[in-house]
1. List the pairs whose first member sits in the stretch B:94-111 and is without any contact (Cβ under 8 Å) to a residue 60 or more places away in the chain, whose second member is open to solvent by 20 Å² or more (accessible area, probe 1.4 Å) and in a helix (DSSP H, G or I), and whose Cβ atoms are under 7 Å apart, counting only residues at least 6 apart or on separate chains?
2. If I ask for residues that are surrounded by fewer than 23 Cβ atoms within 10 Å (Cβ to Cβ) and more than 10 Å from chain B (Cβ to nearest Cβ), which ones from the stretch A:189-198 would you list?
3. Could you tell me which numbered condition B:R259 fails, if it satisfies all but one of (1) of a type in the set (D, E, K, R); (2) touching a helix residue (DSSP H, G or I) at 6+ places or on another chain (Cβ under 9 Å); (3) without any contact (Cβ under 8 Å) to a residue 60 or more places away in the chain?
4. Of all residues in the stretch A:294-318, which are open to solvent by 20 Å² or more (accessible area, probe 1.4 Å) and touching a residue at least 40 places away in the same chain (Cβ under 8 Å)?
5. Have a look at B:L179, B:L117, B:L128 and point out the one that is crowded, with 24+ Cβ neighbours inside 10 Å and touching a Cys at 6+ places or on another chain (Cβ under 9 Å).
6. State all residues of the stretch A:249-265 that are facing another protein chain (nearest Cβ under 10 Å) and over 17 Å from A:V298 (Cα atoms); if no residue qualifies, say none.
7. Give me a count of the residues in the stretch A:243-286 that are surrounded by 16 or more Cβ atoms within 10 Å (Cβ to Cβ) and farther than 21 Å from A:S122 by Cβ.
8. Take A:L201 and decide whether it is more than 16 Å from the chain's Cα centre (by Cα), closer than 17 Å to A:A13 by Cα, buried (at least 21 other Cβ atoms within 10 Å of the Cβ) and of a type in the set (A, V, I, L, M).
Number of protein chains: 2
Amino acid sequence: MSSRTIISCLQEAKRVAIFGGTHGNEMSGITLVNMWIQNSVEIERDGLVSKPFISNPRAVEKCTRYIDTDLNRAFTPENLSAPDVEGLPYEIQRAKEINRMFGPKGSSDAYDVIFDLHNTTSNMGSTLILESSTDFFNLQMVHYIKKAMAPHTCSVLLNEHPQLKYSTTRSVAKHPIGLEVGPQPQGVLRSNVFESMRTILKHALDFLELFNSGVEFPPCTVDVFRIQERMDYPRDTNGNITAMVHPHLQDCDWEPLNRGDPMFLTFDGRTILYEGANTVYPTFINEAAYYEKQQAFVTTCREILAANAIRKASNVFS
Amino acid sequence: MSSRTIISCLQEAKRVAIFGGTHGNEMSGITLVNMWIQNSVEIERDGLVSKPFISNPRAVEKCTRYIDTDLNRAFTPENLSAPDVEGLPYEIQRAKEINRMFGPKGSSDAYDVIFDLHNTTSNMGSTLILESSTDFFNLQMVHYIKKAMAPHTCSVLLNEHPQLKYSTTRSVAKHPIGLEVGPQPQGVLRSNVFESMRTILKHALDFLELFNSGVEFPPCTVDVFRIQERMDYPRDTNGNITAMVHPHLQDCDWEPLNRGDPMFLTFDGRTILYEGANTVYPTFINEAAYYEKQQAFVTTCREILAANAIRKASNVFS
């Protein structure tokens, strides 16, 4: 058996976009991006074109999640290929614009990386969201960020699921990556959340600069939480919510939930227990924006992903 | 000198309304009121007519603070006497309706008590809001609630200020009282906040029942925080915010802020200190809804209010 390392030689990551305001009431990303539009020194790196961008400006202006429909669910093939007719919902128009500017999605012309900056009302701390378990470039980046953030925790949510994966704004890029930091109420800017997001992005850009300069990153593993199941609030026959997240579960994102643990508390004081067979790790617990999506939290399972060594491919044509 | 107690003999408090959803995204009050509309046993007391009421149903439906304008600033004499013409902003129409149902404001026909249930994104804990320092009935009620809540704290904000007092929904009643519980993000229901609000209201209704039954309440004093000054975020010449609430001030509602203490942190990392001469007690720190009102927090000063003994007046005409 040979002990030689397999190295994946990957394309340079030259064009990078930083999106804020995909949801117009998530203030940390909006504030950072607006700041960088004014003065981009902080996000400049050698060998990198960094574009800060407000993805849903009308929603930002109104400080609301969206105008007509959730932009971060809008990047479906149907929407992106819809004809430009009058009366198209605002976010569908905007998805098509973003796809023209930063895509086309799935093409070789697409941006290399899009960081999409989000906040949550859940107690998720600093979280990176990945869409694929086999994107070694992103896994290496996440590994780098986690190490650089230590001793502070940076969790990784793997949103790779046949039903639960959705068509994100960032999915236009070759390497989409979501930053989700909380807890922060909608419409509020908290300095601790703002600074955490800024620090994660600093490390991410440092990684890109190192990669583009030719540094080789050895094989690594990344602990992730893989999305499993969407859990709704208990409801009556009219669809009205009849219970709240139980105080023992509230704010306990990423902590184990075992069979028999309290999950909901009904308005008349009855505790509803978790009855799944296996231990799960809930997250997005009691996120404001997910009431309308019939979601009290999602369950995840822990998994370790492996990534090949990577380095920049030498461009034989240059 | 006589040591006899002066007793204020006050009118029976028979008609009580409990308002939720004056702001349509403050979920605890909305959920409690909807629950009590379905089943009112919990809020029934001898000698009391308790009316649970959703004050801004269209805002509740949209889970937004308001539709056209803030209902909780709309109860001005001008609005309440405005002719019923077409195109009146929704909340002005609604203010006139509420005034017809529960008022007229300032008249002997008005409801005796309105409890208005609010949530805040600020770390204010359980707070009662009063509009007058000389309403002995409310001071006695607040004194009763604070004692019943102990050892849990229940702060009292006195919103009696020539410029900063505003025309609240509850101001229609003879004895208006606001409940403000936080922190809770907009659009989120947290079980701890829900239960605190429910407990405060239980004690409030118990007080009313005791008072109506003829119980005499001896003279008392109440520690309050009197509103003093509205503090805005630092802004640039275009009016854009340039700093955040400093991490040393964030979540420190009701704690002393002294000259030289950190107050804001600019986006480029500079600390802005509090420069007032006197110690103040900030509250409503970083409330989501107050960004549009140019308010980062309000300052208060501590004060002790005294209330006469009270008992129900015997009705000589009955």
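The values are calculated or read from the model by the stated rules, or taken from the named source; none is laboratory data. What you are looking at is a predicted structure, and each value in this text was computed from that prediction instead of being measured. No Cβ is skipped: glycine too gets one built from the backbone with ideal geometry, and neighbour counts run over all protein chains shown. For the accessible areas, the whole protein counts, side chains as well, though only heavy atoms, and no ligand, DNA or RNA atoms are used. Shrake-Rupley method; radii C 1.70, N 1.55, O 1.52, S 1.80 Å.
1. The qualifying pairs are B:K96/B:L80.
2. Across the stretch A:189-198, the qualifying residue is only A:S196.
3. Every condition holds for B:R259 apart from (2).
4. A:Q294, A:C301, A:R302, A:E303, A:I304, A:A306, A:N308, A:R311, A:K312, A:A313, A:S314, A:N315
5. Matching residue, one of B:L179, B:L117, B:L128: B:L128.
6. Correct list: A:L265 only.
7. Total meeting the criteria: 1.
8. Spelling it out, it is not the case that A:L201 is more than 16 Å from the chain's Cα centre (by Cα), closer than 17 Å to A:A13 by Cα, buried (at least 21 other Cβ atoms within 10 Å of the Cβ) and of a type in the set (A, V, I, L, M).
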